[in-house]
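The values are calculated or read from the model by the stated rules, or taken from the named source; none is laboratory data. Since the model is a prediction, treat every value here as computed from it, not as a measurement. Note that each Cβ is placed from the backbone with ideal geometry, even for glycine, and that neighbours are counted across all protein chains shown. Heads up: the accessible areas ignore ligands, DNA and RNA and are worked out on the full protein's heavy atoms, side chains in. Shrake-Rupley method; radii C 1.70, N 1.55, O 1.52, S 1.80 Å.
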Amino acid sequence: LQEKEPVPANSFGHPRRYDDPSAYFTTPRTFRFTSAPVGNHSSGRGSGLHNPLFPVTDGSYWAYAVMLLALVLFAAGIVGNLALMCIVWHNFYLKSAWNSILAGLAFWDFLVLFFCLPVVIFHELTLKRLLGDLSCRLVPYLEVTSLGVATFSLCALSIDRFHAATGPGPHQTPKVESCQSILSKLSVIWVGSMVLAAPELLLWQLLQETVSLFKVDMCVREPSVELPESIYSLVLTYHEARMWWFFGCYLCLPLLFTLACDLVTKQVLAQRLPQKPSSEKVTSRCSSSSSSSSSTKKKQHVREQRLRSTVMALTVLYITCNLPESICNITLAYISVPMTAALPALVLPALGLIGQFLLFVRCSATPVMLLCLCRSLGQAFMDCCCCCCEECLPDGNSSSSSSEPMKSLLPAEPAVHERVKDSSAAIGTPC
């Protein structure tokens, strides 16, 4: 009899845990697999790719539906996030802390859609992982970082609206913020989110199994036993508390924080609003300038309400896309093992895929919602589209329009100056 190798123990004298990897698959096992180590090349079709699109079967319709939905989300998200980033970057009057935070959120949504969505869909269709172990670690890291950026961005936007409502001059035209101030706020959001998501890089591993002469790549959420003792204990603690950490930090925190800030801001504005008519009744009879100032204050109040509505709309979208996955994870964690085993084989993979698609839906719908709710961002996007359409006009229209250049240019100057004034008045308040 050969002696068994001793189980490595940690610094506390307890052996390291070797849990069943079946509980940590991102794509749960739906077949009975035969173990195959990574790097062992089996003969025959073992090195090929599983193609669910051909020949056409009942499962092919599901594959086509998944691919079509992924293409729609990819196209809408890439165009919307790129448009939002370019609008904020190329427009001087839109470079405020508010718009910069939204552009930073669009940047991380763009990364999730551009890198994570193709990897997830390719793995769902072919059961192969693009880039191997790198994507197995990097995809969860980018997704969790995106959750952190969205959470802290919502908190920062709520604080920005609270300061605007309770500041010494809430109805004055905000000034252009310096680049250092904007970069400091973005660095806190980005660096904090990346640090909190760092354990995801050490938590996932790639495992290869064989089924029906095909190799299947699977990502396992289990700390590697080859890690140093101190790092292994930290990653294991994070792994055990991961479910409730996500629920508390990435779900309850933005919801409660934005609701509290919105209620306090609404109360402050409600206390200031009734004081305006009583102080302006006498002055409105003496001069006509007070009427213009009161109308300006009313416009500022309506703008503040629109900004708060934008923050609440982003919060509702964020919670709607993240709440189902958290509820499913908590429910599956606390039900008994026989009940979990009694579930159909396709339930757990379907739940995992739905959770991934909800994340992609949020990344694609956020820029579309911002372009619809924020007037200055939507107007800048429409102006960009109109400029592109004018450049694509045929030569006949361009030659006829260029026959009278002075008539076409002179009336356009007041409109351009008026638009610049409107944009300068909306610095920091893009909606």
Write out, first by first residue and then by second, each pair whose Cβ atoms fall under 8 Å of each other, whose residues are 6+ apart or on separate chains, and whose first residue, in region 356-377, is basic (Lys, Arg) while the second is at pLDDT 90 or above and in a helix (DSSP H, G or I). Arg362/Asp109; Arg362/Ala150; Arg362/Leu317; Arg362/Tyr318; Arg362/Cys321; Arg362/Asn322
Looking at region 112-132, I want the residues that are under 14 Å from Pro349 (Cβ atoms) and have a partner that is surrounded by fewer than 17 Cβ atoms within 10 Å (Cβ to Cβ) with Cβ atoms under 6 Å, at least 6 apart or on another chain. Which pairs are those? Leu127/His50
Where Ser47 falls short, out of the listed (1) surrounded by fewer than 17 Cβ atoms within 10 Å (Cβ to Cβ); (2) modelled with pLDDT of 90 or more: (2)
Which members of region 218-250 meet the condition of being open to solvent by less than 40 Å² (accessible area, probe 1.4 Å) and part of a loop (DSSP other than H, G, I, E, B)? Glu222, Pro223, Ser224, Leu227
Return yes or no: is Leu196 touching a helix residue (DSSP H, G or I) at 6+ places or on another chain (Cβ under 9 Å), open to solvent by 50 Å² or more (accessible area, probe 1.4 Å) and in contact (Cβ under 8 Å) with a residue 60 or more places away in the chain? no
For region 110-168, how many residues meet the condition of being open to solvent by 20 Å² or more (accessible area, probe 1.4 Å), over 26 Å from Cys219 (Cβ atoms) and assigned to a helix (DSSP H, G or I)? 8
Being free of Cβ contacts under 8 Å to residues at least 40 places away in the same chain, of a type in the set (A, V, I, L, M) and open to solvent by 60 Å² or more (accessible area, probe 1.4 Å): is that true of Ala342 here? yes
Considering only region 74-94, state which residues are at pLDDT below 90 and open to solvent by 80 Å² or more (accessible area, probe 1.4 Å). Trp89, His90, Phe92
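Would you point out which residue out of Thr315, Thr320 is surrounded by fewer than 14 Cβ atoms within 10 Å (Cβ to Cβ) and at pLDDT 90 or above?
Thr320
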Identity of the residue in region 251-282, at pLDDT below 65 and open to solvent by less than 60 Å² (accessible area, probe 1.4 Å), that ends up nearest to Ala156 (Cα to Cα): Lys276
State all residues of region 109-149 that are of a type in the set (Asp, Glu) and over 18 Å from Leu69 (Cα atoms); if no residue qualifies, say none. Asp133, Glu143
Within region 178-191, is there a residue that is surrounded by fewer than 19 Cβ atoms within 10 Å (Cβ to Cβ), modelled with pLDDT under 90 and not in a helix (DSSP H, G or I)? yes
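Determine, yes or no, whether Leu71 is exposed (fewer than 15 other Cβ atoms within 10 Å of the Cβ), over 29 Å from Tyr232 (Cα atoms) and at pLDDT below 90.
Considered against the rule, which asks whether it is exposed (fewer than 15 other Cβ atoms within 10 Å of the Cβ), over 29 Å from Tyr232 (Cα atoms) and at pLDDT below 90, Leu71 comes out as no.
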